[in-house]
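A short worksheet on the structure shown next.
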Amino acid sequence: MQFTGWRQLRQFSVVALLIAATAQTCTAKAASGFYLGYRQWQPYAWPEQAPSASDVSRTQRLLGWRRQAPSGDIGFDYDYQPLRIRTGAPAHNGHLHRLMVGGQWQHRRFRVEARAGVAGTSNMFKYRDFHSDVINGRIALFRSVGRHPPVSLGIGGDHRFGSFRWLPRLRWEDTSRAGHWLVDLPVLLRWQGPGNRWAFQVAREGDRWATLDATRELESALYLREWRTELSYRVSDRKQSWPAVVVGIGASIDTRVRYQDLEAGTVDLRLGDAIYACIKLDW
């Protein structure tokens, strides 16, 4: 089946171009950066007692580019995440691709965070056989409580808690001798130490990927969601052509995945908790 939502894809392209044009007018004094990243999780034990079940393996490769300015930033992020579920008859091949374009902007008392893009399994892009769930995104709108306070109230919509939903948000940001703090309830708590060497964060992660089965007849979606806590350390700073190196260790807590199985129908599993290691190169 061929993709029937080309109008949505064209609309996304127009939005991406408008975002990029807006970023170009933010300021002439902007800094750009490119990054590469990798995460490796310990295997998830299969949550059900099945004699033929094997552990679920998971890795993630990341790359992206950002253009930063005093009023915000703009860029793109791509990640490839093999999530290999080798039990039952999943209606997907486990190779998850996601490309997002967007950024964040501050104007007086208002703040906008927005990303839009495509997310789906590899066979969907290989055969150019798309359906409407491939269009993805998230958005959040904030308004500060006073003229220059660190507290903002807002609302955000995304797939971090499963299906797309709108949730109220409370944002607080502060910088002191102890470092930089950012609290964005209920999705993020981040601390950046003095000198930008150490960082710690607890974040709600989750998204939707459009899927196809092996015969490309069943159109469905995979939802992956979790709490992720991570401690990272900047080993070296960027020098000329050499990238900055950041290493970290973290844990995915209460990892859940929902997808279609050709035999069992909708499957909603708690994969459990897993430790991971990560490395990031910043140019």
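Where in region 169-194 does the amide nitrogen come within less than 16 Å of the point 7 Å from the Cα of Tyr233, taken along Cα to Cβ? Under 16 Å, as judged by backbone N against the label point of Tyr233, lie 193-194 of region 169-194.
Shape class for region 209-283, computed from the alpha carbon gyration tensor (a ≥ b ≥ c): oblate, with a/c not under 1.5 and a/b at or below b/c. Estimated at 0.36 nm per residue, the fully extended path between Gln42 and Tyr78 surpasses their Cα-Cα distance by 10.7 nm.
What you get for the chain, charging only the Cβ of Lys and Arg (+1) and of Asp and Glu (-1), is a dipole of about 1200 debye around the Cα centre.
Backbone geometry of region 85-100 corresponds, through the Karplus equation with coefficients 6.51, -1.76 and 1.60 at θ = phi - 60°, to 3J(HN,Hα) couplings of 9, 9, 10, x, 10, x, 8, 7, 9, x, 9, 9, 10, 8, 10, 10 Hz, x marking Gly and Pro. Kirkwood hydrodynamic radius computed over the chain comes to 20.4 Å, based on all pairs of distinct alpha carbons. Within the shell defined by Cβ-Cβ distances under 10 Å, the residues around Gly94 carry a net charge of +3, with Lys and Arg each +1 and Asp and Glu each -1.
Direction-averaged shadow area of the convex hull around the Cα atoms of region 120-200, nm²? Provide the component values of the computation, followed by the final result.
On the way: hull surface 32.2 nm².
Projected area, direction-averaged: 8.0 nm².
Residues whose amide H comes within less than 5 Å of that of Leu96, counting only those at least five positions distant or on another chain, are Gln81, Leu83 (H built at 1.01 Å from N in the peptide plane). Taking the Kirkwood radius as Rh and the Cα radius of gyration as Rg, region 124-283 has a ratio of Rg/Rh equal to 1.05. Axis angle, to the nearest 10 degrees, between helix 6-24 and the longest C-alpha principal axis of the chain: 20 degrees.
Please give the length that would be gained between Glu205 and Ile275 if that part of the chain were fully extended, namely 0.36 nm times their separation in residues minus their C-alpha to C-alpha distance (nm, one decimal).
Values: separation 70, 0.36 × 70 = 25.20 nm, distance 1.51 nm.
Taking Glu205 through Ile275 to full extension adds about 23.7 nm, to one decimal.
Could you size up the charge dipole of region 120-235 around its Cα centre, putting +1 on the beta carbon of Lys and Arg and -1 on that of Asp and Glu, and report it in debye to the nearest 20?
Details: 18 positive and 13 negative charges, 113 e Å.
Dipole magnitude for region 120-235 comes out near 540 debye.
Here Leu153 and Ser57 are evaluated by their C-beta separation; at R0 = 45 Å the FRET efficiency comes out at 0.65.
Once you reduce region 200-265 and region 87-136 to the center of their Cα atoms, the two points are 12 Å from each other. Per residue, the chain exposes 54 Å² of accessible surface when a 1.4 Å probe is rolled over the protein heavy atoms with every protein chain present.
Taking amide H positions as modeled 1.01 Å from N, with prolines and chain starts lacking one, the residues under 5 Å from Arg238 and 5 or more places away or on another chain are Ala244. The accessible surface of the chain, taken with every protein chain in place and a 1.4 Å probe, is 58 percent carbon and sulfur. Extension gain for Thr215-Trp191 works out to 4.0 nm (0.36 nm per residue, less the C-alpha to C-alpha distance).
The values are calculated or read from the model by the stated rules, or taken from the named source; none is laboratory data. All values reported here derive from a predicted model rather than from experimental measurement. All Cβ positions, glycine included, derive from the backbone under ideal geometry; neighbour counts span all protein chains shown. All accessible areas refer to the heavy atoms of the entire protein, side chains included, with ligands and DNA or RNA removed. Shrake-Rupley method; radii C 1.70, N 1.55, O 1.52, S 1.80 Å.
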